[in-house]
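Here it is: the structure, laid out below.
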Amino acid sequence: MLPSLNQLKVGQAATIVAFSGGWGIRQRLQQVGLHVGDMVRLKRSAVMGGPLLLSINEADIALSRCLAAHIFVRVMTPS
């Protein structure tokens with residue numbers, strides 16, 4: 001089973017492979033610029049269940065852990 005985005009460790013990079021949830025969740029993720037095939041890197045993870053700071057397509061975005069749980073990724077191994 002693929003890990004969700006909120007399971008990444010700070011500094012890890014991954015490729016988005018799928019979204020789960022209903023139409024509204026998938027639409028919201030696409031509105032903030034997240035698409036299947038995109039590479040993301042977790043830059044920061046806020047304490048106490050706060051948002052995740054992601055680097056994607058040369059931009060930084062904050063995403064709630066709730067939404068991140070609906071994004072499934074393939075973790076990239078360091079080369």
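The values are calculated or read from the model by the stated rules, or taken from the named source; none is laboratory data. Model, not experiment: these values are computed from the prediction. Backbone-built Cβ (ideal geometry, glycine too); neighbour counts: all protein chains shown.
Anything in the stretch 1-27 that is over 20 Å from residue 59 (Cβ atoms) and either part of a strand (DSSP E or B) or polar (S, T, N, Q) (or both)? List them, or say none.
Within the stretch 1-27, 4, 7, 17, 18, 20 meet the criteria.
Sticking with this one: Which members of the stretch 1-13 meet the condition of being over 12 Å from residue 68 (Cα atoms), surrounded by 12 or more Cβ atoms within 10 Å (Cβ to Cβ) and under 12 Å from the mean Cα position of the chain (by Cα)?
Result: 12, 13.
Could you say which residue among 33, 22 is on the phi > 0 side of the Ramachandran plot, out of contact with any Ser or Thr (no Cβ under 6 Å at 6 or more places or on another chain) and not hydrophobic (A, V, I, L, M, F, W, C)?
From the options 33, 22, the qualifying one is 33.
Hey, among the residues in the stretch 28-52 that are without any contact (Cβ under 8 Å) to a residue 12 or more places away in the chain and in a helix (DSSP H, G or I), which one's surrounded by the most Cβ atoms within 10 Å (Cβ to Cβ)?
30
With 16, 25, 56 as the choices, which residue is at pLDDT 95 or above, surrounded by 12 or more Cβ atoms within 10 Å (Cβ to Cβ) and out of contact with any Pro (no Cβ under 7 Å at 6 or more places or on another chain)?
16
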